[in-house]
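Written out below as structure tokens is the structure these notes cover.
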Amino acid sequence: MEALNREKFNYNLEKRVRKVIEDYKLLEDGEKVAIALSGGKDSILTMFLLDKFRNEFNLQLVAISVDEGILGYREEGLETARKHADLLEIELIEKSFKGEFGLQLDQIHSLYKSACIPCGVFRRHVLNKTAYQLGADKLATGHNLDDEVQSYLMSFARADFRRFSKFGPKLDRIHPQLVPRIKPLWRIPEKDVGIWAVLNGVDVHFAECPYSKQSLRAKLKNYLNKIEEDYPGTKLNILKSFEKTFKHNKTLTELFKCEKCGEASSLRICKTCEMLDDINKKIE
Ligand code: SF4
């Protein structure tokens with residue numbers, strides 16, 4: 001009975017992911033796909049699913065892990081990432097904030113209202129740069145339905161409408177050095193990702209980042225979970241509203257080359273270099 005439930009659940013999950021892949025043409029035949037692999041349940045499921053589609057789309061897969069420098073948290077995630085990449089025979093490239101920027105998140109988090117602010121900027125920079133250097137056609141991330149709805153509402157709350165162009169399961173190439181991002185779990189609720197890991201006995205890194213509670217995202221997450229409990233389907237409805245409103249109405253930001261590091265940027269100096277300058281001034 002348990003095996004039957006598991007198979008049914010896996011079949012249904014795969015079917016929903018396949019639908020997003022088909023609806024939005026996330027994968028093309030023969031592509032090289034880099035997977036952002038933290039070791040958490042979302043990125044591990046993303047890697048397992050892409051492995052399932054590997055032959056069908058003739059994909060070449062590679063994984064990238066980034067060590068932000070969070071003592072007592074990231075090491076375990078990295079171990080899990082190594083273990084599963086090894087199991088699926090996918091090459092894992094390991095990068096770190098220390099190696100790329102000469103700093104650890106633990107050293108600079110207090111300079112910001114939330115550690116997630118520098119963490120997100122630096123991690124996106126490292127992932128894109130590495131995927132580009134590897135010659136990847138796509139960069140797959142483990143963003144699930146909950147993540148996307150939270151990001152969407154955060155942008156609303158901050159009146160940051162420029163970010164709306166960054167939502168959706170596929171971000172097109174808008175600069176030669178910006179690897180298009182895909183989110184295969186875009187319609188999968190976080191709860192289902194957890195159920196997948198438990199039902200299949202997949203060892204994933206379930207621990208929460210010690211900095212996560214400081215963020216607006218964490219507050220929105222709790223709030224949305226409470227609403228979802230009382231009004232099931234709310235999260236999916238928010239995602240659908242977004243899909244309908246913005247699907248054909250994306251204002252793409254023009255991108256240039258950062259004058260300092262040469263990476264793609266919407267400004268003369270990219271956010272990563274701006275932050276690094278700021279951090280250096282503050283800790284001098
Ligand atoms: S919760 Fe914030 S600080 Fe922690 S890994 Fe995620 S983005 Fe970085």
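Read-outs: derived from the displayed coordinates by stated rules, not from any lab. For clarity, every value in this text was computed on a predicted model and none was experimentally measured. Here the Cβ is made from the backbone with ideal geometry for all residues, glycine too, and neighbour counts use every protein chain on show.
Sequence-distant contacts, meaning Cα pairs under 8 Å at least 6 residues apart, place the relative contact order of the chain at 21 percent.
Going from the residue with the fewest nearby Cβ atoms within 10 Å to the one with the most, ARG158, ARG16 rank ARG158, ARG16.
Proximity of backbone amide H atoms, modeled 1.01 Å from N, is registered between GLN60 and GLU31, LYS32, VAL33 at under 5 Å, excluding neighbours fewer than 5 places apart on the same chain.
Taking 18 Å as the limit for the C-alpha separation, the pairs LYS129/LYS271; LYS19/LYS240; LYS32/LYS129; LYS83/LYS129; LYS191/LYS221 exceed it in the case of LYS83/LYS129. Could you state the angle between the C-alpha long axis of helix 145-157 and the longest principal axis of the C-alpha atoms of the chain, as a value from 0 to 90 degrees rounded to the nearest 10? The angle comes out at about 40 degrees.
Dipole of the chain computed with +1 at Lys/Arg Cβ and -1 at Asp/Glu Cβ about the Cα centre; of ALA159, GLN107, LEU139, farthest Cα towards the positive end is ALA159. Please work out whether the stretch 2-248 counts as rounded, prolate or oblate from its C-alpha gyration tensor, where a ≥ b ≥ c are the square roots of the eigenvalues and a/c under 1.5 means rounded, while otherwise a/b larger than b/c means prolate and anything else oblate? Judged from the Cα gyration tensor, the stretch 2-248 comes out rounded (a/c under 1.5). Any idea what angle helix 234-246 forms with the longest principal axis of the chain, computed on alpha-carbon atoms, 0 to 90 degrees, nearest 10? It works out to around 60 degrees.
Placing a label point 7 Å from the Cα of GLN133 along the Cα-to-Cβ direction, the residues of the stretch 254-284 whose backbone N falls under 18 Å from that point are 258, 260-265, 272-273. Phi-derived couplings, Karplus 6.51 cos²θ - 1.76 cosθ + 1.60 at θ = phi - 60°, listed residue by residue for the stretch 89-100: 6, 10, 5, 10, 9, 9, 10, 8, 4, 4, x, 8 Hz, with x used for Gly and Pro. Output the pairs from LYS226/LYS282; LYS138/LYS226; LYS41/LYS282; LYS98/LYS257 with a Cα-Cα distance over 29 Å in this structure; if there are none, say none. LYS226/LYS282; LYS138/LYS226; LYS41/LYS282, as the Cα separations exceed 29 Å there. The amide H of SER96, built 1.01 Å from its N in the peptide plane, has ASP67 as neighbours under 5 Å, considering only residues 5 or more places off or on other chains. For LYS166 and GLU208, a Förster radius of 22 Å and the Cβ-Cβ distance give a FRET efficiency of 0.35, rounded to the nearest 0.05. For the pair GLU284 and ILE174 in one chain, pulling the backbone fully straight at 0.36 nm per residue adds 36.0 nm over the alpha carbon distance.
Relative to the dominant Cα principal axis of the chain, helix 271-283 is inclined by about 60°.
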